[in-house]
Number of protein chains: 2
Amino acid sequence: MKISELSERSGVPVATVKFYIREGMLPRGEAVSATRAEYGDGHLARLRVIAALSDVRGLPLARVREVLALIDAPSDEPVETLGRAVGALPPYVASDRDDYPLARAAIAELGLTYDPDFTAVAQLDEALRALEAAGLDATPAVLRRYGDAMRQVAAEELAPLAGMPLDQAVTYAVLGTALYEPVMLALRRLAHHHLLVADTRDR
Amino acid sequence: MKISELSERSGVPVATVKFYIREGMLPRGEAVSATRAEYGDGHLARLRVIAALSDVRGLPLARVREVLALIDAPSDEPVETLGRAVGALPPYVASDRDDYPLARAAIAELGLTYDPDFTAVAQLDEALRALEAAGLDATPAVLRRYGDAMRQVAAEELAPLAGMPLDQAVTYAVLGTALYEPVMLALRRLAHHHLLVADTRDR
């Protein structure tokens, strides 16, 4: 396809497509004449990844590059590659501390595997400190409410990974982590609304 | 307590506390002498709400004011007040469209109550359009994966609301929506990690 069609199908303006090519984030098209290049489905898929990360989730360009580098050259260790890719997503928390007491206690309570280098540990610790500061509960029962629900969701999300080649698995994991998050949060708010309305009607 | 103790216990610097007072977001302390005012637990609770919204979740000051106004003068209609308060939280989506075809289809599929004015409808629609653009599944089975989990979580979250006075209920709902979100998302990532590690070990 021409660059104009690539732009139209991806929703990314032509000038931005050219910018990504100049920056090495998107491969050049195949030159078919002095003034025209041909683009394929690979270009379209790549543009969608970039757009999802930068436009939808608002990742800074440096972080988008980081994710693309992991997709392009995944290490031999899938868990590490996936961990680093997901670690490039927000929220960005200061990881200058080397212990995460609240997160570690919560992870132990939930019986999850603990790897202090995985960004989500720092993210959980920060989130739990915010609860504490605001005076909201983080009792074992409250933690299990979220932990059990997420474990079930995660198991279903990971099912399609089996048998995927690693680069595709990294793309799926990063996009899935980034793009199902807002779906889940919107549904949580809608569920609150639904239950409150039902409750009011019952009275 | 003195302003210095209020600052220490809330983690909010004295200059910022004074700024919130000048801006009318925090009531003045009770003057006990020409140079000293006394602050109470109400001040501390209020500061924690402001800090949670502005520092932890990064809300702009105008949005924090909006939430505080709803807490201070909740309308007679709890569902509306809660809806407006939660609508002041991110993600902020353009609500200039008046139909949300993807969200409406998803909500119908999940059997939830539909109120087009509730911000979460627009948020869900935007999130589903992003999935579509990135080529990720939003089949009924996928929607139910998140919808069922969130409905269960929401029911447990709402239980403490019963019997709370409305201003306290609004505070709880807003803080709970804002501050349990990052906990849940971090736990989802940890659950992925846990399951991947277990899966790799099993091979």
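A few points about this structure:
- Of all the numbered requirements in (1) assigned to a helix (DSSP H, G or I); (2) farther than 30 Å from B:Gly87 by Cα, B:Thr16 misses one, and that requirement is (2).
- Yes/no for B:Asp76 being surrounded by fewer than 20 Cβ atoms within 10 Å (Cβ to Cβ), within 11 Å of chain A (Cβ to nearest Cβ) and of a type outside the set (A, V, I, L, M, F, W, C): no
- Filter pass, B:Thr113 being open to solvent by less than 20 Å² (accessible area, probe 1.4 Å) and among the hydroxyl-bearing types (Ser, Thr, Tyr): no
- Residue in region A:57-65 that is outside any loop (DSSP other than H, G, I, E, B), more than 9 Å from every other protein chain (Cβ to nearest Cβ) and of a type in the set (Lys, Arg) present: yes
- One residue alone among A:Leu136, A:Leu128 is facing chain B (nearest Cβ under 8 Å), outside any helix (DSSP H, G or I) and closer than 21 Å to B:Glu157 by Cβ, and that residue is A:Leu136.
- The listed residue being open to solvent by less than 10 Å² (accessible area, probe 1.4 Å), part of a helix (DSSP H, G or I), within 7 Å of chain B (Cβ to nearest Cβ) and under 20 Å from B:Val86 (Cα atoms), out of A:Leu179, A:Leu187: A:Leu187
- Some residue of region A:34-47 being in contact with a helix residue (DSSP H, G or I) (Cβ under 8 Å, 6 or more places away or on another chain), open to solvent by less than 20 Å² (accessible area, probe 1.4 Å) and assigned to a helix (DSSP H, G or I): yes
- Here A:Leu166 meets the list (1) in contact with a Pro (Cβ under 9 Å, 6 or more places away or on another chain); (2) buried (at least 19 other Cβ atoms within 10 Å of the Cβ); (3) more than 9 Å from chain B (Cβ to nearest Cβ) almost entirely, failing just condition (2).
- Taking the conditions (1) within 30 Å of B:Arg46 (Cα to Cα); (2) of a type in the set (Val, Ile, Thr); (3) open to solvent by less than 20 Å² (accessible area, probe 1.4 Å) in turn, A:Val93 satisfies each one other than (3).
- Within region B:24-33, considering residues that are open to solvent by 30 Å² or more (accessible area, probe 1.4 Å) and assigned to a loop (DSSP other than H, G, I, E, B), the one farthest from B:Tyr172 (Cα to Cα): B:Ser33
The values are calculated or read from the model by the stated rules, or taken from the named source; none is laboratory data. Only a predicted model underlies this, so the values are computations on that prediction, with no experimental measurement involved. Neighbour counts run over all protein chains shown; Cβ positions are idealised from the backbone, glycine included. SASA here: full protein model, heavy atoms, side chains in, ligands and nucleic acids out. Shrake-Rupley method; radii C 1.70, N 1.55, O 1.52, S 1.80 Å.
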